[in-house]
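Undergrad: Sharing a structure with you now.
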Amino acid sequence: MATTEFDEIRPYNDEELPQIFEELIADPAFQKAATDAIPNVPFELLAQKIRACKSKLDFQETFCYGILWKIAADHTDGLTLDHTALPDKSKAYTYVSNHRDIILDSGFLSILLIDQGMDTVEIAIGDNLLVYPWIKKLVRVNKSFIVQRALTMRQMLESSARMSRYMHYTINEKKQSIWIAQREGRAKDSNDRTQDSVLKMLAMGGEGDLIDRLMEMNIAPLAISYEYDPCDFLKAQEFQLKRDIEGYKKTTQDDLISMQTGLFGYKGKVHFQTAPCINDKLEQLDRSLPKQELFSGISACIDRRIHGNYRIYSGNYVAYDWLNNTSEFADHYTSEEKQRFVTYIEQQLGKIKIPNKDEDFLRGKLLLMYANPLVNYLAACQWIK
């Protein structure tokens, strides 16, 4: 029997879809978005195809799959997934990953899983991104569940506990995999670290002690490596605005620009690499340790598995050497690859249009974004040895 406790946050059930589809089809803002995403197809025909979908997976395979592979074809130099570290494809996992793109991290993962004969993932998405009613409906059709953000401390605790129960229910009862970012928001400098708060939330639901509850979730670290981050110049710009303007905050419009830039900007090669499920490590932990120590240790374990599974591109080596004024990694790139990366960085810098533009500061921030994955990768490999 499905519980009603999660109705406010869960994806729609398949039997609710006909009603939601009619609401979306009648919404002029959705009509415009749909015809923009799928040009050259009359909306009446799209509406007919939407109504023919009998399940969320049907909808994803009919629409999202094709759109996402088209984005990959037009805006990447290749999209790949290595899932060999998780050989049991029938198991439901909680993929905890570094976070590069608001929409594509989970979207690309789902189409890559479909191509390996697996089901798509349910997606944790912050309600701050659901800026229009049609977007909220669409993401719930697309197997997203809602992370409520702007709450009081007490509401936040209740909301986190409910979300945790929902995630445990999804993994254990629905046998459905989940994708969640390792932290709230994206790491602006690509120094990816798991927030203990994410693990604390996961440990609120389930049975047994803290370790049992986390083992129930089959946490599988996932490393996502974009050769180029189309939003890098927006992140660098935000660093300067935060430096120069006290209390600077991004607007809803900024979030929309980020989403659009992330979707349709050039990404180079994009690779997804799963690491083994962390249950082996969880089993070895001393359960009598203070909770905070356990959470820190588990976060560090996830970080090492993500960092050690990054795919490092020539640009990461160039960025490190350029930033540190060294030629330590010169044997990892050719002069052509170096020139290509230098040209790319200067082009991205040129896109930043703000008063008192501090080029040296901005360039430094851009280079740091590409050097940090290499620094973390080397540290993780050292540790693994």
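Undergrad: Mind checking the range 168-258 for GluC sites (Glu not before Pro) that DSSP puts in a loop (not H, G, I, E or B) and that have at most 12 other Cβ atoms within 10 Å?
TA: Numbers: sites: Glu173, Glu184, Glu207, Glu216, Glu227, Glu238, Glu246; in loops: Glu173, Glu184, Glu207, Glu216, Glu227, Glu246.
When the GluC sites (Glu not before Pro) of the range 168-258 are filtered for loop state and at most 12 Cβ neighbours within 10 Å, Glu173, Glu207, Glu246 remain.
Undergrad: Sort the chain into rounded, prolate or oblate with this rule: let a ≥ b ≥ c be the square roots of the eigenvalues of the Cα gyration tensor; rounded if a/c is under 1.5, and if a/c is not under 1.5, prolate when a/b is larger than b/c, oblate otherwise.
TA: Details: a/c = 1.58, a/b = 1.15, b/c = 1.37.
Oblate, since a/c reaches 1.5 and b/c is not below a/b.
Undergrad: With all distinct Cα pairs included, what does the Kirkwood hydrodynamic radius of the range 196-238 come out to in Å, to one decimal, could you say? Don't jump to the answer; show the numbers that get you there.
TA: Working: mean 1/r = 0.0757 Å⁻¹.
For the range 196-238, the Kirkwood estimate is 13.2 Å.
Undergrad: Same structure again: Mind giving me the nanometre distance, one decimal, between the label points for Asp77 and Glu5, set 7 Å out from Cα along Cα→Cβ?
TA: Each label point lies 7 Å from its Cα, and together they span 4.9 nm.
Undergrad: Would you please give the residues with an amide H less than 5 Å from that of Val147, counting only those at least 5 places away or on a separate chain, with H modeled from the backbone geometry?
TA: Residues meeting the amide H criterion: Ile125, Gly126, Asp127.
Undergrad: Relative contact order of the chain: what whole-number percent is it, with Cα pairs under 8 angstrom and at least 6 residues apart?
TA: Working: 540 pairs, mean separation 76.6, N = 385.
Computed value for the chain: 20 percent relative contact order.
Undergrad: Along the positive direction of the dipole of the chain (beta-carbon charges: Lys, Arg +1; Asp, Glu -1; about the Cα centre), which of Ile219, Ile171, Leu289 reaches farthest?
TA: So the residue furthest toward the plus end is Leu289.
Undergrad: Roughly how much of Lys250 is accessible, in Å² to the nearest 10, using a 1.4 Å probe?
TA: Near enough 70 Å² of accessible area.
Undergrad: Between Gln260 and Lys200, what is the FRET efficiency for a Förster distance of 45 Å, r being their Cβ-Cβ separation, to the nearest 0.05? Show your work: numbers first, answer last.
TA: Details: r = 33 Å, r/R0 = 0.74.
Once the sixth-power term is evaluated, E becomes 0.85.
Undergrad: When the accessible area of the range 263-346 is split by element with a 1.4 Å probe, what percent falls to carbon and sulfur? Intermediate results must be reported in sequence, preceding the final value.
TA: Working: 2060 of 4170 Å².
Heavy-atom surface of the range 263-346 belonging to carbon and sulfur, 1.4 Å probe: 49 percent.
Undergrad: Taking only protein heavy atoms and a 1.4 Å probe, what accessible area per residue, in Å², does the range 1-116 have with all protein chains in place? Show your work: numbers first, answer last.
TA: Numbers: 5630 Å² over 116 residues.
Solvent-accessible surface per residue comes out at 49 Å².
Undergrad: Can you give the accessible area of His75 in Å² (nearest 10), computed on protein heavy atoms with a 1.4 Å probe?
TA: Only protein atoms counted, so the area is about 40 Å².
Undergrad: Related question: Can you divide the C-alpha Rg of the range 142-235 by 2.2 N^0.38 Å and report the result to two decimal places?
TA: Details: Rg = 15.0 Å, N = 94, 2.2 N^0.38 = 12.4 Å.
So the Cα radius of gyration is 1.21 times the expected 2.2 N^0.38 Å.
Undergrad: While we're on this one: If you plug each phi of the range 326-342 into the Karplus form 6.51 cos²θ - 1.76 cosθ + 1.60 with θ = phi - 60°, what whole-Hz ³J(HN,Hα) values come out, in order, with x for Gly and Pro?
TA: 9, 10, 4, 10, 4, 7, 9, 8, 8, 5, 5, 5, 5, 4, 4, 5, 4
Undergrad: Using the Karplus curve 6.51 cos²θ - 1.76 cosθ + 1.60 with θ = phi - 60°, work out ³J(HN,Hα) for each residue of the range 182-194 in order, rounded to whole Hz, and write x for Gly and Pro.
TA: 6, 8, 6, x, 8, 6, 5, 9, 6, 8, 6, 9, 6
Undergrad: Using only the Cα atoms of the range 52-138, build the gyration tensor, take square roots of its eigenvalues as a ≥ b ≥ c, and label the shape rounded, prolate or oblate: rounded if a/c is under 1.5, else prolate if a/b is larger than b/c, else oblate.
TA: Numbers: a/c = 1.34, a/b = 1.31, b/c = 1.02.
Rounded, because the longest to shortest axis ratio a/c is under 1.5.
Undergrad: Further question: With charges only on Cβ, +1 for K and R and -1 for D and E, what is the dipole size of the range 268-366 about its Cα centre, in debye, rounded to 20? Walk me through the intermediate numbers first.
TA: Details: 14 positive and 14 negative charges, 88 e Å.
It comes to approximately 420 debye.
Undergrad: Follow-up. When the Karplus curve 6.51 cos²θ - 1.76 cosθ + 1.60 is applied with θ = phi - 60°, which whole-Hz ³J(HN,Hα) does each residue of the range 345-360 get, with x for Gly and Pro?
TA: 4, 5, 5, 5, 4, x, 7, 7, 10, 9, x, 6, 4, 9, 4, 5
Undergrad: Calculate the radius of gyration of the Cα atoms of the range 1-69 to one decimal place, then report Dmax, the largest Cα-Cα distance, as a whole number, both in Å.
TA: 13.3, 43
Undergrad: Which residue, Thr3, Leu202, Leu234, has the largest displacement toward the positive end of the dipole of the chain when charges sit on each Cβ (Lys, Arg +1; Asp, Glu -1)?
TA: Value computed over the given set: Leu234.
Undergrad: Using a simple charge model, +1 on the beta-carbon of Lys and Arg, -1 on the beta-carbon of Asp and Glu, nothing else, what dipole does the chain show about its Cα centre, in debye to the nearest 20? Write down the numbers at each step before the final one.
TA: Numbers: 47 positive and 55 negative charges, 61 e Å.
My answer is approximately 300 debye.
Undergrad: Note the full-extension length gain between Ser296 and Asn172 as 0.36 nm times their separation in residues minus their Cα-Cα distance, in nm to one decimal. If you can, show how the numbers build up before the last one.
TA: Numbers: separation 124, 0.36 × 124 = 44.64 nm, distance 2.53 nm.
Residue separation times 0.36 nm, minus the Cα-Cα distance, leaves 42.1 nm.
Undergrad: Using only Cα atoms, figure out Rg for the range 1-159 and give it as a multiple of 2.2 N^0.38 Å. Present the calculation step by step, with values, prior to reporting the outcome.
TA: On the way: Rg = 16.6 Å, N = 159, 2.2 N^0.38 = 15.1 Å.
That works out to 1.10 for the range 1-159.
Undergrad: So, taking all protein chains as they sit and a 1.4 Å probe, how much accessible area belongs to Ile102, in Å² rounded to tens?
TA: The accessible area of Ile102 comes to roughly 30 Å².
Undergrad: Can you give me the relative contact order of the range 72-175 as a percent, contacts being Cα pairs under 8 Å and 6 or more apart? Could you put the intermediate results ahead of the total?
TA: Numbers: 56 pairs, mean separation 24.0, N = 104.
That works out to 23 percent.
Undergrad: How big is the dipole moment of the range 226-301 about its Cα centre under a simple scheme where the beta carbon of each Lys and Arg is +1, that of each Asp and Glu is -1, and everything else is neutral? Debye, nearest 20, please. Show your work: numbers first, answer last.
TA: On the way: 10 positive and 12 negative charges, 12 e Å.
Dipole size: approximately 60 debye.
Undergrad: Sticking with this structure for a sec: Just in the range 1-108: which GluC sites (Glu not before Pro) are loop by DSSP and have at most 13 other Cβ atoms within 10 Å?
TA: Details: sites: Glu5, Glu8, Glu15, Glu16, Glu22, Glu23, Glu44, Glu61; in loops: Glu5, Glu8.
Answer in residue order: Glu5, Glu8.
Undergrad: Moving on to the next point. Just check the range 222-307 against the gyration tensor rule for me: Cα atoms, a ≥ b ≥ c as the square roots of the eigenvalues, rounded for a/c under 1.5, and otherwise prolate or oblate depending on whether a/b exceeds b/c. Before the final figure, lay out each step's value.
TA: Numbers: a/c = 3.56, a/b = 1.68, b/c = 2.12.
Taking the square roots of the gyration eigenvalues as a ≥ b ≥ c, the range 222-307 is oblate.
Undergrad: Quick check: with the 1.4 Å probe, what order do Trp322, Trp134 take by accessible area, largest first? Working shown, then result.
TA: Numbers: Trp322 85, Trp134 40 Å².
Greatest to least solvent exposure: Trp322, Trp134.
Undergrad: Could you identify which residue out of Asn279, Asn325, Asn98 has the top mean-square fluctuation in a GNM of the chain using Cα springs shorter than 10 Å?
TA: Asn325
Undergrad: Considering the dipole of the range 270-351 built from charges on the beta carbon (Lys and Arg +1, Asp and Glu -1) around the Cα centre, which of Tyr313, Ala330, Phe272 is farthest to its positive end?
TA: Value computed over the given set: Phe272.
Undergrad: Now for a different question. List every residue whose amide H lies under 5 Å from the amide H of Arg186, counting only residues 5 or more places away in sequence or on a different chain, with H placed 1.01 Å from N in the peptide plane.
TA: Hits under the 5 Å cutoff: none.
The values are calculated or read from the model by the stated rules, or taken from the named source; none is laboratory data. Since the model is a prediction, treat every value here as computed from it, not as a measurement. Cβ sites come from the backbone with ideal geometry, for glycine too, and all protein chains shown count toward neighbours. Side chains are part of the model used for accessible areas, which takes the heavy atoms of the whole protein and leaves out ligands, DNA and RNA. Shrake-Rupley method; radii C 1.70, N 1.55, O 1.52, S 1.80 Å.
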